[in-house]
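Peer 1: I'd like to ask some things about the structure below.
The values are calculated or read from the model by the stated rules, or taken from the named source; none is laboratory data. All values derive from a computational prediction rather than experimental measurement. All Cβ positions, even for glycine, are placed from backbone atoms using ideal geometry, and neighbour counts span all protein chains on display. For accessibility, only protein heavy atoms count, side chains too; no ligands or nucleic acids. Shrake-Rupley method; radii C 1.70, N 1.55, O 1.52, S 1.80 Å.
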Amino acid sequence: MNAVPHDVRPVSGTAGAPSPGDRFWRRLGGVAFGGDYNPEQWPAETRAEDLRLMAEARVNLVTVGVFGWARVEPARGAYDFSLFDQVLDDLHAHGITADLATMTASPPPWLVHEHPEILPVTADGTVLGPGGRQHFCPSSPVYRERAALLVERLATHYRDHPALGLWHVGNEYGCHIAACYCEVSAADFRRWLRERYGDDLAALNDAWSTDFWSQRYASFDHIQPPRAAPTYPNPAQQLDYTRFANETLRDCFDLEAGILRRVTPEVPITTNFLGGLKAVDVFDWAPRLDVVAVDSYPDPHDQRPHLAPGLVYDTMRGAGGGQPWILMEQAPSAVNWRGRNAIKQPGQMRLWSWQAVAQGADAILYFQWRQSRGGAEKFHSGMVPHAGADSRVFREITALGRELAAVPDLPGTRVSNQVAILLDWNSWWALELDSHPSDGVRQEERLLDHYGPLFDLGVGVDVVPPSAELTGYALVVVPNLYLLSSEDARRVSSYVAGGGALAVSFFSGIVDEHDRVHLGGYPAPLREVLGVRVEEFCPAAEHERFPVRGHGVLSHLEGVADLWREDLHLAGAEPEVVFDSADWAGRPAVTRHEFGAGIARYLSTRLDAVTMRAVLGRALAEAGATPVVEGLPAGVQASVRAGAGRRFLILLNHTGDKHDIALSGAWTDALDPSDEGVATVTLPPSGVAVLRAGD
Ligand code: GLA
């Protein structure tokens with residue numbers, strides 16, 4: 001069942017030969033622009049108009065066939081590629097590259113009819129029916145066999161097609177089905193556990209702390225998935241199940257990618273991650289892709305809708321080792337799947353697309369090209385909406401296509417940052433398990449509590465795993481890294497000893513990889529570097545707020561904390577912010593510790609955004625890290641993309657006000673080269689400026 005090829009790492013260029021990923025970017029010859037193209041939903045005649053409008057919008061890359069399985073294999077083994085043959089021929093004739101999907105994201109009705117056992121089962125035993133999509137158990141040998149046969153046929157059929165530029169494996173793995181709990185999955189989990197624990201049941205019993213609540217296993221055969229239980233299932237079992245589920249989905253990806261690499265070794269491979277998805281460990285998967293791609297759906301109703309996507313984009317760039325990435329899907333305007341689906345206001349789609357470019361994307365695509373007439377997503381916007389090409393949405397699409405085409409030399413430049421945020425999917429999974437001191441400590445929220453103030457301070461951030469090389473960073477920020485191995489803790493500590501600056505937030509370094517507490521006072525493996533020792537967590541009630549005030553250099557500061565406090569003892573560190581309430585007056589809230597040649601801060605509570613900005617600002621200043629552009633108004637984002645002798649400055653106004661930005665240095669307007677020697681840029685609300693250095 002699990003004969004998964006493991007030689008699926010990207011083929012990097014040997015002896016100067018370009019890698020498949022490099023070839024992809026070269027082929028596109030500029031920023032790629034396009035979207036999911038689903039001509040199977042339309043009569044053949046529509047295609048002529050599609051191709052004409054694509055030319056008008058300067059589309060050069062489309063994703064084809066994501067939900068094509070039922071069309072190309074209408075009955076078991078009866079393959080019919082005629083529709084996609086015509087589509088790919090037409091695309092090629094119009095100079096458009098195809099990101100061809102492997103079509104395995106939605107098994108066809110005949111397959112479910114013949115093999116209902118492929119359907120996924122939830123933790124409470126509900127069998128999920130067909131009629132939606134992603135209705136397969138990732139461990140199912142039947143699903144895997146039919147998917148592999150399809151991919152083999154597809155790859156063989158299209159291997160020499162000139163339109164084929166990229167393989168799009170599956171679709172948003174884990175988006176609907178993060179894990180399956182059927183009997184097939186249970187058996188597969190037992191196989192996975194035997195491998196993980198080297199067939200050593202004692203090691204598993206130890207790792208899972210099974211002497212608690214009489215859970216000691218006498219045989220691997222007695223182990224079940226953590227299904228719905230009378231009370232909290234064993235947390236280490238849950239954590240391992242989440243790891244297993246991630247790897248099982250990854251095995252599905254590997255199975256297809258292995259076939260593609262064998263049949264079409266020159267064609268690069270991607271899959272579209274879903275931004276902010278907990279189920280799929282992007283850092284774990286990304287090295288298997290030639291090009292990282294992500295889907296991003298900011299909610300225009302949010303207060304600061306650009307922040308969460310910004311965090312996702314910095315994560316994608318981090319996952320790809322700084323390489324360019326693809327914004328594979330975004331909505332041209334509204335989505336259909338929230339309770340209230342806001343449109344993107346005029347200019348917002350352009351602003352958020354340029355934000356992705358500013359943060360390292362070299363491809364801007366949408367879901368989807370033509371808004372569907374029927375089906376579950378008919379009220380999801382399309383590049384060509386129901387209203388047709390004579391519409392605001394299509395005009396904005398066309399204008400953006402033209403703008404991106406105006407900077408063909410932007411690809412090849414890179415973003416580089418002085419600040420890193422550490423994120424680890426294993427820690428995320430463990431952090432959000434049940435029966436913790438507070439259920440208010442959620443990974444994404446806590447990341448944004450750090451990311452937002454750094455964004456406001458105008459510094460760019462790389463989001464990287466704890467195993468990343470940290471030495472080049474001026475400041476490393478660690479938001480609630482609950483699970484931390486002793487080895488990673490040592491790496492972080494030696495980064496500080498070597499002169500690095502560190503800021504760690506509470507409930508970090510608490511457990512090892514088996515969710516067992518590091519003993520001796522929290523956060524045990526970071527105690528020395530932080531110079532503190534915590535005896536007890538004191539989580540706050542929802543309504544509780546605690547006044548805090550700065551100490552020493554930050555003595556002007558007055559703020560508020562909430563969510564969490566702790567019985568913190570100084571062991572070498574100095575207080576930098578203290579509590580100011582009657583019961584806790586003077587007790588440390590934020591500490592600063594000189595360790596070796598570096599400085600480590602500890603934030604033992606959640607600070608309000610302004611106080612957080614002041615604390616992180618101080619850490620940045622001491623670390624010598626500077627904003628991308630000094631003195632920008634709050635809410636104006638700046639990013640520099642540089643390399644290969646070129647340098648671009650991208651300015652993005654996320655506020656509702658107009659701002660005039662005075663520039664230092666020689667810049668021209670990259671979108672309007674006649675406008676030479678720009679000294680001041682006027683950014684209207686949602687305004688964008690793309691400036692080129694030097695000429
Ligand atoms: C995801 C999917 C697409 C589509 C969009 C709608 O990103 O990959 O097929 O359903 O959501 O927002």
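Peer 1: Do you know which residues across region 220-245 are among the polar types (S, T, N, Q) and either within 28 Å of V282 (Cα to Cα) or touching a helix residue (DSSP H, G or I) at 6+ places or on another chain (Cβ under 7 Å) (or both)?
Peer 2: Q224, N234, Q237, Q238, T242
Peer 1: What are the residues in region 226-274 that are over 26 Å from A101 (Cα atoms) and in a loop (DSSP other than H, G, I, E, B), if any?
Peer 2: P226, R227, A228, A229, P230, T231, Y232, P233, N234
Peer 1: Let me ask another. Answer yes or no as to whether A286 is on the phi < 0 side of the Ramachandran plot, open to solvent by less than 10 Å² (accessible area, probe 1.4 Å) and away from the ligand (no atom under 16 Å from the Cβ).
Peer 2: On the way: on the phi < 0 side of the Ramachandran plot: yes; open to solvent by less than 10 Å² (accessible area, probe 1.4 Å): yes; away from the ligand (no atom under 16 Å from the Cβ): yes.
The answer is yes for A286.
Peer 1: Which of the residues that make up region 91-112 are open to solvent by 50 Å² or more (accessible area, probe 1.4 Å) and out of contact with any Pro (no Cβ under 9 Å at 6 or more places or on another chain)?
Peer 2: A93, H94, G95, listed by residue number.
Peer 1: Could you identify the single residue in N234, N205 that is outside the structural domain of S427 (by TED's automatic domain parsing), crowded, with 16+ Cβ neighbours inside 10 Å and over 32 Å from the mean Cα position of the chain (by Cα)?
Peer 2: N205
Peer 1: Among the candidates R133, R146, single out the residue that is touching a Ser or Thr at 6+ places or on another chain (Cβ under 9 Å), open to solvent by 10 Å² or more (accessible area, probe 1.4 Å), within 16 Å of the ligand (Cβ to nearest atom) and of a type outside the set (F, W, Y).
Peer 2: R133
Peer 1: Moving to a separate point now. Filter region 28-49 down to the residues that are touching a residue at least 60 places away in the same chain (Cβ under 8 Å) and among the hydrophobic types (A, V, I, L, M, F, W, C) and list them by number.
Peer 2: L28, V31, A32, F33, W42
Peer 1: Consider only pairs whose beta carbons are under 7 Å apart and that are at least six residues apart or on different chains; among these, list those whose first residue lies in region 222-235 and is without any contact (Cβ under 8 Å) to a residue 12 or more places away in the chain and whose second residue is assigned to a loop (DSSP other than H, G, I, E, B) and not polar (S, T, N, Q).
Peer 2: From region 222-235, the pairs are P233/P226.
Peer 1: Can you name the residue in region 371-413 that is assigned to a loop (DSSP other than H, G, I, E, B) and of a type in the set (D, E) and, of all such residues, is nearest to the ligand (Cβ to nearest atom)?
Peer 2: Filtering region 371-413 for residues that are assigned to a loop (DSSP other than H, G, I, E, B) and of a type in the set (D, E), the one nearest to the ligand (Cβ to nearest atom) comes out as E377.
Peer 1: On to the next question. So which of I259, I269 is open to solvent by less than 40 Å² (accessible area, probe 1.4 Å) and touching a Phe, Trp or Tyr at 6+ places or on another chain (Cβ under 8 Å)?
Peer 2: Only one candidate qualifies: I269.
Peer 1: Here is a further query. Out of D281, D295, D299, report the one residue that is within 13 Å of the ligand (Cβ to nearest atom), out of contact with any strand residue (DSSP E or B) (no Cβ under 8 Å at 6 or more places or on another chain) and under 24 Å from G452 (Cα atoms).
Peer 2: Being within 13 Å of the ligand (Cβ to nearest atom), out of contact with any strand residue (DSSP E or B) (no Cβ under 8 Å at 6 or more places or on another chain) and under 24 Å from G452 (Cα atoms) holds for just one of D281, D295, D299, which is D299.
Here is a yes/no grid of residues against (1) of a type in the set (F, W, Y); (2) in contact (Cβ under 8 Å) with a residue 12 or more places away in the chain; (3) on the phi > 0 side of the Ramachandran plot:
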| position | (1), (2), (3) |
| --- | --- |
| R71 | no, yes, no |
| A75 | no, yes, no |
| F81 | yes, yes, no |
| H92 | no, yes, no |
| I96 | no, yes, no |
| L128 | no, yes, no |
| G131 | no, no, yes |
| E145 | no, no, no |
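Peer 1: Right, another one. Give just the number: which of (1) under 21 Å from L483 (Cβ atoms); (2) under 28 Å from the mean Cα position of the chain (by Cα) does Y197 not satisfy?
Peer 2: With (1) under 21 Å from L483 (Cβ atoms); (2) under 28 Å from the mean Cα position of the chain (by Cα) applied to Y197, the lone miss is (2).
Peer 1: Moving on to the next point. Kindly indicate which of R76, R71 is open to solvent by 20 Å² or more (accessible area, probe 1.4 Å), within 16 Å of the ligand (Cβ to nearest atom) and of a type in the set (K, R).
Peer 2: Result of the check over R76, R71: R71.
Peer 1: Now for a different question. Counting just the residues of region 590-620 that are closer than 15 Å to V476 by Cα and of a type in the set (V, I, T), which one comes out least open to solvent (accessible area, probe 1.4 Å)?
Peer 2: V615
Peer 1: Give me a count of the residues in region 303-340 that are within 16 Å of the ligand (Cβ to nearest atom), out of contact with any Pro (no Cβ under 9 Å at 6 or more places or on another chain) and in a loop (DSSP other than H, G, I, E, B).
Peer 2: 6
Peer 1: Pairs, please: C-beta under 6 Å, at least 6 apart or cross-chain, first residue in a loop (DSSP other than H, G, I, E, B) and in region 168-185, second at pLDDT 95 or above and of a type in the set (D, E)?
Peer 2: V169/E256
Peer 1: To continue, here is another question. Need the failing condition index for G498 against (1) open to solvent by 10 Å² or more (accessible area, probe 1.4 Å); (2) under 29 Å from P305 (Cβ atoms), just the number.
Peer 2: The number of the failed condition is (2).
Peer 1: If I filter region 352-366 down to residues being touching a strand residue (DSSP E or B) at 6+ places or on another chain (Cβ under 6 Å) and part of a helix (DSSP H, G or I), which single residue comes out as farthest from V688 (Cα to Cα)?
Peer 2: Out of the qualifying residues, it is A356.
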